[in-house]
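Novice: Got a structure for you, written out below as structure tokens; questions coming shortly.
The values are calculated or read from the model by the stated rules, or taken from the named source; none is laboratory data. All of these numbers come straight from a predicted model, not from anything done at the bench. Positions of Cβ are generated from backbone atoms using ideal geometry, with glycine treated the same way; all protein chains shown enter the neighbour counts.
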Amino acid sequence: MLTGALSSRMSSSVSSSDRIFPPSSFGSFESPGIRASSCFSGPNADMNEYDETDLFSISWNQDYGCFAAGTSHGFHIYNCEPFKEIFRRELKNGGFKFVEMLFRCNILALVGAAANSSYPPNKVLIWDDHQSRSIAEFTFRSEVHGVKLRRDGIVIVLKHKIYVYNFMDLKLLHQIETLANPRGLCCLSHHSNTFVLACPGLHKGQVRVEHFGLNVTKLINAHDSQIACFMLTMDGLLLATASVKGTLIRIFNTMDGSRLQEVRRGVNRAEINSIALSPNVQWLAASSDKGTVHIFSLKVRVSGLDSITHPNSPQGPALFHQNSSTSIDPLVSPNTGANPNSLLSFMRGILRKYFSSEWSFAQLHLPGNTQFIVAFGSLNSVMIVGMDGSFYKCSFDPVHGGEMVQQEYVRFLR
């Protein structure tokens, strides 16, 4: 484990509006008239490792192999399989509200907490820990509610606006107006051949999907209530959404906005804290404030690549396989025949609405009253991280479902 300390000083970047002013250099690009950033310096002798640490945020990296924890004293980076702390940085003058990783490389996006006297919550730092310096500082007039990274892009979320920047030269590429977004809702695709962004639209219950590579915008009216949570597949072809009611999760085709499947967490109102989609697009996991994690079986289909490349091919649509969700080309359509409740379809106008939705395949009940976020691990497992500083790894039976089995439990913060 590497243990270091961040200095309590950093020169601020210049900002006269809600736009970014890049640093003096980033890679081989130059930007005149901008102040350079100072770097984080050596160990802080005043830091007491036994001081109480508050957990401000948790975020997975793009392949769910690691997660970052923003704390009142800095940040920690943890590997998941096997579980271990692999890195930390500490401050004496406050911590970071958001810490966003870029896969497993040395680049991080940092946003200070309100109590941080040196790094205010309206500033985003792009930190290169290999060079121990900030390589970009973005300052806004209002508080930053979220940051997302791709290898080729930086996305910064404010309450009513989202900014998209090119990573290499920090050029502003897009500005997107949104409905009030205090949750900082935004997610990205992470395949190099697709750049898809999902964010709240301008109307309640609406999700806006941008296919930047195709110059296509799709507005999806996902729910009647406000959006609480959503997640894209790695290629951005599928979108899973939940509203503040927390009873239903819906899966959409992001190319045409069609609804492919609807699953039901329960009949009582709940706050869904996170949604995860498995890499092979066979499973969906959701955590809620009821202390439960639900696993659902996805029944969507994609057209085979051969039938798209060769339109006259007699081969029909094929089920998702391990690498089938890797291209923007496949067309997604619902697999209504695989719906275990399809026999009730003729009575949907009579029966209560929840009979037409699919219920969870596997479940886990967690102790305590805390917020949990989920991700899929290896070999039919899910990883769950709690805002109380807990880490769980649990497995589920992919054939019979039912109650999940706990494999690992760690308290990663004092």
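Novice: Can you find, within segment 89-131, the residue that is surrounded by the fewest Cβ atoms within 10 Å (Cβ to Cβ) among those that are charged (D, E, K, R) and touching a residue at least 24 places away in the same chain (Cβ under 8 Å)?
Specialist: Ranking the qualifying residues of segment 89-131, first place goes to ARG104.
Novice: Moving to a separate point now. Confirm whether GLU210 is of a type in the set (D, E, K, R) and over 30 Å from GLY386 (Cβ atoms).
Specialist: yes
Novice: Among strands (runs of 3 or more DSSP E) lying entirely in segment 55-111, which contain 2 or more residues that are more than 17 Å from the chain's Cα centre (by Cα) and not hydroxyl-bearing (Ser, Thr, Tyr)? Lay out the reasoning, then the answer.
Specialist: Numbers: elements: 55-60, 66-71, 74-79, 84-90, 96-101.
Output list reads 74-79, 84-90.
Novice: Which members of segment 208-267 meet the condition of being among the β-branched types (Val, Ile, Thr), surrounded by fewer than 18 Cβ atoms within 10 Å (Cβ to Cβ) and either touching a residue at least 24 places away in the same chain (Cβ under 8 Å) or assigned to a loop (DSSP other than H, G, I, E, B) (or both)?
Specialist: Applying the first criterion (among the β-branched types (Val, Ile, Thr)) to segment 208-267 yields 209, 216-217, 220, 227, 233, 241, 244, 247, 249, 251, 254, 263, 267.
In the following step, the residues that additionally are surrounded by fewer than 18 Cβ atoms within 10 Å (Cβ to Cβ) were identified as 216-217, 244, 267.
If the condition is that a residue be among the β-branched types (Val, Ile, Thr), surrounded by fewer than 18 Cβ atoms within 10 Å (Cβ to Cβ) and either touching a residue at least 24 places away in the same chain (Cβ under 8 Å) or assigned to a loop (DSSP other than H, G, I, E, B) (or both), then VAL216, VAL244, VAL267 are the ones that fit.
Novice: Which of the residues that make up segment 393-412 are more than 23 Å from the chain's Cα centre (by Cα), of a type in the set (Val, Ile, Thr) and in a strand (DSSP E or B)?
Specialist: VAL405
Novice: Looking at segment 268-295 only, could you name the residues that are closer than 20 Å to ASP235 by Cβ and in a loop (DSSP other than H, G, I, E, B)?
Specialist: Of everything in segment 268-295, those that are closer than 20 Å to ASP235 by Cβ and in a loop (DSSP other than H, G, I, E, B) turn out to be SER278, PRO279, ASN280, VAL281, GLN282.
Novice: Among the candidates LEU185, LEU202, single out the residue that is surrounded by fewer than 19 Cβ atoms within 10 Å (Cβ to Cβ) and either hydrophobic (A, V, I, L, M, F, W, C) or assigned to a strand (DSSP E or B) (or both).
Specialist: LEU202 is the lone residue from the list that is surrounded by fewer than 19 Cβ atoms within 10 Å (Cβ to Cβ) and either hydrophobic (A, V, I, L, M, F, W, C) or assigned to a strand (DSSP E or B) (or both).
Novice: For segment 112-137, how many residues meet the condition of being in a loop (DSSP other than H, G, I, E, B) and among the hydrophobic types (A, V, I, L, M, F, W, C)? Working first, answer last.
Specialist: Start the filter on segment 112-137 by keeping residues that are in a loop (DSSP other than H, G, I, E, B), which leaves 113-122, 129-132.
Those left that are additionally among the hydrophobic types (A, V, I, L, M, F, W, C): 113-115.
Count: 3.
Novice: Answer yes or no as to whether ASN79 is touching a Phe, Trp or Tyr at 6+ places or on another chain (Cβ under 7 Å) and at pLDDT 90 or above. Outline the logic, then answer.
Specialist: On the way: touching a Phe, Trp or Tyr at 6+ places or on another chain (Cβ under 7 Å): no; at pLDDT 90 or above: yes.
No; evaluated as a whole, the condition is false for this residue.
Novice: With the checklist (1) part of a strand (DSSP E or B); (2) buried (at least 21 other Cβ atoms within 10 Å of the Cβ); (3) not assigned by TED's automatic domain parsing to the domain that holds LEU277 in hand, flag the one item LEU197 doesn't pass.
Specialist: (3)
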